[in-house]
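Scroll down for the structure; my scribbles are underneath it.
The values are calculated or read from the model by the stated rules, or taken from the named source; none is laboratory data. Keep in mind it's a predicted model, so treat the numbers as computed, not measured. Reconstructed Cβ throughout: ideal geometry from the backbone, glycine too, with neighbour counts over all protein chains shown.
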Amino acid sequence: MITERIRTIQQEIAEACAGRRIPAGEVTLVAVTKTVPAERISEALAAGITDIGESRLQEIIPKFAELGQKLNGITRHLIGHLQTNKVKKAVELFDVIQSVDRLALAEEIDRQAEKAGKIQRCFIELKVSEESTKHGVPAGDCLEFAERLKNYSHISICGLMTMAPYFAEPEAARPYFRTAREVFDRIRAAGIHPGFTALSMGMSNDFAAAVQEGSTMVRVGTAIFGER
Ligand SMILES: *Cc1c(COP(=O)(O)O)cnc(C)c1O
């Protein structure tokens, strides 16, 4: 079941890429495994998933331990809000922290990464929606924020992450994806961060529209593993 769902999603991503005339390999499918037990994650990994996304630190420590060797070579993304006092653990457990939304957080990631002897890959989280429950840097402040992040030697800023509001009709999310794409292009054009290549947007209900609007990374949970 999980394998079939992954194949269907890969097919839909490939179709959206064809529409943009880019190779399907240019879009990364991140399987969002929050609340999903290790056994079902194993199934997704066996189906060829290379990237997983998690949001709650408490839950992953035992899960990652249970998965053990199976996580070798798998890129782990933290996609949820990160509290400053949990940064040490996050740096230890994740290859990419997608939710950098404030300078104090960046500063602490830099400090812990230096201690761990690591360059921590991070994305800037952009807030495109008006919903107060969403985190992130407003579009108008992103370029300046990206510039300030240049000062941290143990952080590598590799991309931009955003979450459109939920709409039953995914077409309605397009304006939000376009805003994100503009912010992404602006930061890239400024040439501040050489490794800035990922635009992480699109979830179960809207990933095809996101890819059509320029996403290079989709984060899909429900459409792979079912309702949480
Ligand atoms: C849960 C979550 C997802 C995946 O959502 P689905 O609708 O289950 O695909 C993607 N991104 C973030 C930041 C999430 O928290």
Exercise for the section: Check off (1) among the hydroxyl-bearing types (Ser, Thr, Tyr); (2) farther than 25 Å from GLN212 by Cβ; (3) touching a Ser or Thr at 6+ places or on another chain (Cβ under 7 Å) for TYR152 and give me the number that stays unchecked. Expected result: (3)
Completion exercise
Among the residues of the stretch 151-163, the number that are within 29 Å of PRO175 (Cα to Cα) and either basic (Lys, Arg) or in contact with a helix residue (DSSP H, G or I) (Cβ under 6 Å, 6 or more places away or on another chain) (or both) is 3
Practice task
Inspect the stretch 166-185 for any residue being modelled with pLDDT under 95, within 30 Å of ALA46 (Cβ to Cβ), surrounded by 17 or more Cβ atoms within 10 Å (Cβ to Cβ) and of a type outside the set (Ser, Thr, Tyr) and give the result as yes or no.
Solution key: yes
Handout entry: Qualifying helices (runs of 4 or more DSSP H) (wholly inside the stretch 169-228; at least 1 residues being within 13 Å of the ligand (Cβ to nearest atom) and among the β-branched types (Val, Ile, Thr))
Key = 222-225
Handout entry: Among (1) more than 16 Å from the ligand (Cβ to nearest atom); (2) among the aliphatic types (A, V, I, L, M); (3) within 16 Å of ASN85 (Cβ to Cβ) - the single one LEU149 does not satisfy
Key = (3)
